[in-house]
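Please read the structure below before turning to the comments.
Read-outs throughout are calculated quantities, based only on the coordinates presented, and are distinct from any laboratory measurement. Nothing here was measured: the structure is a model prediction, and the numbers come from that model. Cβ coordinates were reconstructed from backbone atoms using ideal geometry, including for glycine residues, and neighbour counts include every protein chain displayed.
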Amino acid sequence: MKIKKNFSIKDFNTFSVDVKAKYFVEISDIDELKKILKDFSNEKKIFLGEGTNTLFVKDWDGIVVKINFLGKEIVNENENNIFVKVNAGENWSDFVDWAVEKNYAGIEGMVMIPGTLGGAVTQSIGAYGQEVKDVLSSIEVLDIEKHKIFKLKPEECDFSYRYSNFKGDWKNKYIVIASTVRLDKGPSLYSLAYSKKYGRYKSVYEDLEKMVGDKYTIQDFAQAIKRQREKKLPDLEEFGSCGSFFKNPVVDFKKYEELEQKIPDLQPYPLDNLGEKWFKIPAGKLLDELGLKGYWNDNVGVFEKHALCIVTNKNASGTEIVDLANRMKKSVEKNYGVELVEEVDVLPKHFST
Ligand code: EPU
């Protein structure tokens, strides 16, 4: 474990923003984590996985701790399920690939989401109708102050759409060190006729139909998702990006009706808990309607294939990115009266868009 001083973290955030951390360290086990917490107790701390959802606007006046806890193991099994404990530093998508190959279902729709298991839990990731919060059976954390390790149940963590307590009140209280994921030993063949009911992901099912016909496996499904994501989302080798920059907003029925008049084929998302009075609508569509797709200004732009993704040429500063985000927000507010809220963690907080 080597502490680096005044260290550029350009290679440790996927926006490739060139800011400096007063201290930077990579840790690979709990003992190292405890030592860092003790030795740097008076410093501001940020814990990173692969830096896929964090935008640094200024140098970090504290320590950046990159968590590299690797490894996974099957910890339990019954007739229908398999329980896998995955350490926080494991790459999420590699884990999905592993599960899909073994025919364990429940997370195949979340393949190719960048980042680590710890990031996936903290950020409450989801895609194509699946949410990580629905497959967690427990979350193992370390208490930053007391240095104690314990397990939390998902219902204790306030998981919702792109939110968990780990992002909120517990940001400086607990560090996710591992989670146990519950996977299904489900049927190996799924019927496309049944899946077609879910109109929102029509493009995925059309692709499946073309590629494999009426019956598909989770391996086929994961491949279809990979093709979708490759088509629509920025390649992090080529661009600086954190994927979706904003969350999809929730609006009331009156606003929804008003938007539906202006935007054909708005396609709201189903909302589980909020009933019929509220509608979650695709922010990408609003931004696209405003003609922002493909907009580019110096080092930063809006991805040409998806208006919810801010992209850079990997030379942009955090301020340039935040400025563009602010302009996008203002435009949506002015034209549609809808407030966009960032999904990406902008640091420091007062620079938030
Ligand atoms: N759309 C447009 N133009 C655009 C972008 C989108 O018209 O430029 C339309 C699409 O045609 C579609 C709708 O907007 O009808 C929604 O687009 P998409 O299916 O791409 O989903 P999204 O709501 O933009 C969310 C997640 C993604 C996740 C996808 C797939 C958020 C903030 N983002 O995107 O997650 O991959 O659904 O399930 O919820 C991420 O969080 O970084 C991320 C990529």
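Take every Cα pair under 8 Å in region 190-232 that's 6+ residues apart, average their separations, divide by the length, and report that relative contact order as a whole percent. Kindly include the intermediate steps, with their values, before the conclusion.
On the way: 27 pairs, mean separation 18.8, N = 43.
Relative CO of region 190-232 lands at 44 percent.
Students often get this wrong, so check it: of LYS85/LYS146; LYS173/LYS231; LYS254/LYS329; LYS10/LYS44; LYS171/LYS305; LYS10/LYS231, which have C-alpha atoms separated by over 28 Å? Beyond 28 Å between Cα atoms: LYS173/LYS231; LYS171/LYS305. Here the extension length gained between GLN261 and THR319 equals 17.3 nm, from 0.36 nm per residue of separation less the Cα-Cα distance. Placing pseudo-labels 7 Å out from each Cα toward the beta carbon at TRP296 and LYS330 gives an inter-label distance of 2.4 nm.
Taking every alpha-carbon pair under 8 Å whose residues sit at least 6 apart, the chain reaches a relative contact order of 16 percent.
Using alpha carbons only, what's the Rg to Rh ratio of region 4-67 with Rh from Kirkwood? Present the calculation step by step, with values, prior to reporting the outcome.
On the way: Rg = 11.2 Å, Rh = 11.8 Å.
Taking Rh as the inverse mean 1/r over Cα pairs, Rg/Rh reads 0.95.
Across all Cα pairs in the chain, the calculated P(r) in 20 Å bins from zero up to the longest distance comes to 28, 59, 13 percent per bin. The length gained on full extension between LEU189 and HIS147, counted as 0.36 nm times the residue separation minus their Cα-Cα distance, comes to 10.6 nm.
State, to one decimal in nm², a quarter of the convex hull surface area for the C-alpha atoms of region 240-351, i.e. the direction-averaged projected area. List each step's numbers first, then the result.
Numbers: hull surface 29.3 nm².
Across all orientations, region 240-351 yields a mean hull projection of 7.3 nm².
Note on LYS226 and ASP31: the model spin-label points, each 7 Å out from Cα along the C-beta direction, lie 3.8 nm apart.
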